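Comments concern the structure below.
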Amino acid sequence: MAAPSMKERQVCWEAQDEYWKRLDENTEDASQCKKLRRSFGSNCPQQWIKYFDKRRDYLARDYLKFKEFEAGKFQPSKTTAKS
């Protein structure tokens, strides 16, 4: 696979940003984001899509943990509590 050009990278990042924004706006109904997902998929290398999807999952989990901590509901894991 050849490295994407600067223009191709820019198009990929913009497609990813639009898709994630729509997902954030439609947390209850991700089916409204299908068109943007296809655009994201067609404008980015497959390896990047896998990376971006994992990154979003990790960021979402970290955000939820932060919100729980902020609300005083955070429970440390058993291994963390022992340290």
Problem - Residues satisfying the stated conditions in the range 3-48, i.e. over 15 Å from the mean Cα position of the chain (by Cα) and surrounded by 13 or more Cβ atoms within 10 Å (Cβ to Cβ) - result: Pro4, Glu8, Arg9, Val11, Ser39, Asn43, Pro45
Exercise for the section: Evaluate the range 4-24: report whether one residue or more is modelled with pLDDT of 85 or more and not in a helix (DSSP H, G or I). Expected result: yes
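Yes or no, residue by residue, for (1) of a type in the set (Gly, Ala, Ser); (2) touching a residue at least 24 places away in the same chain (Cβ under 8 Å); (3) closer than 13 Å to Phe52 by Cβ:
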{"site": "Met6", "(1), (2), (3)": "no, no, no"}
{"site": "Gln10", "(1), (2), (3)": "no, no, no"}
{"site": "Glu18", "(1), (2), (3)": "no, no, yes"}
{"site": "Glu25", "(1), (2), (3)": "no, no, no"}
{"site": "Arg37", "(1), (2), (3)": "no, no, yes"}
{"site": "Phe40", "(1), (2), (3)": "no, yes, yes"}
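The values are calculated or read from the model by the stated rules, or taken from the named source; none is laboratory data. Please read all numbers here as calculations on a predicted model, not as lab measurements. Virtual Cβ from ideal backbone geometry, glycine too; neighbours counted across all protein chains shown.
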